[in-house]
Amino acid sequence: MRSARAGLTLFIAALALVAGIATAQTNLPLNDLKLRADAGDNSATRQLAEAYYLGKDVEQNFKVAAQWYEKLAKQGDVRAQTSLGLMYARGYGVAKNMPLALKWLNLAAIQRDPGAQYSLSTLYFVGDGIPQNFAESARLRKEAAVRGHVQAQADLGRMYSEGKGVDRDLRQAYYWLAVAGQQGDDTAPEDLKRITPAMSSEQIKEAETQAREWMAKAKKVWK
């Protein structure tokens, strides 16, 4: 398992992609976006928040980004709740505040946002702001994994391979690592090579079949 604390900052950046932070498309001039956001246009509000977060067509300003994300989050926008929770968890544009981070991430996770579920799973894994709990981390990672979160799939596979938070199950480990690898996770192939020698050919065959079936179903949904 990769060092969780060493990779936590990278994880937060990666989760920004899932949460929608890194998808800014400011097709309108900044002043027009502000006018529309002030008038309650949620799409403009999100574009504005993302523009300030990324520094796209405007000077990067996490504080302003957080303000716009909070406006959306309070209106029930799940992606904004995840983004705001992540910013409170790392102190981006706001004072680091784990109770608020957990409030927003839990709210989004309850609504089945995979980014929030994975974020919480990582906080539980490292014990950042909450007691370390591998079982809860695994539960949340599985919920995110079944919804297509690639990093959750890879990390869940590693937890199964080590029996961390779950009973050790190499077939399940192979399955989730294979699914993650087919979706581009660059560390999954090495993890598969590591566990394969301890598996029977039948176990590998079953896991590969299960992974192919998962991908076939997922592709139908993505179309």
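Observations on the structure shown:
- Comparing Leu102, Leu170, Leu35 in a Gaussian network model of the chain where C-alpha atoms under 10 Å apart are linked, the largest mean-square fluctuation is found at Leu35.
- Evaluated over the stretch 78-223, the Cα radius of gyration and Dmax, each in Å: 16.1, 52
- Annotation: the stretch 149-223 has a Kirkwood hydrodynamic radius of 12.1 angstrom, from the mean reciprocal C-alpha pair distance.
- Rounded to the nearest 10 degrees, the angle from helix 42-54 to the longest Cα principal axis of the chain is 80 degrees.
- Helix-only [θ]222 nm of the chain, DSSP H runs n ≥ 4, -39500 (n - 2.57) each, per residue, nearest 500: -22000 deg cm²/dmol
- Degrees, to the nearest 10: 8-19 long Cα axis against longest axis of the chain: 70 degrees
- Compared with the direct C-alpha span, the chain from Asn97 to Arg168 gains 22.1 nm at full extension, assuming 0.36 nm per residue.
- Pairwise FRET efficiency - Asp32 versus Lys220, Cβ, R0 = 45 Å, nearest 0.05: 0.70
Each reported figure results from applying straightforward, stated rules to the coordinates on display, with no laboratory input. In this text, all values refer to a predicted model and were calculated from it rather than measured experimentally. Positions of Cβ are generated from backbone atoms using ideal geometry, with glycine treated the same way; all protein chains shown enter the neighbour counts.
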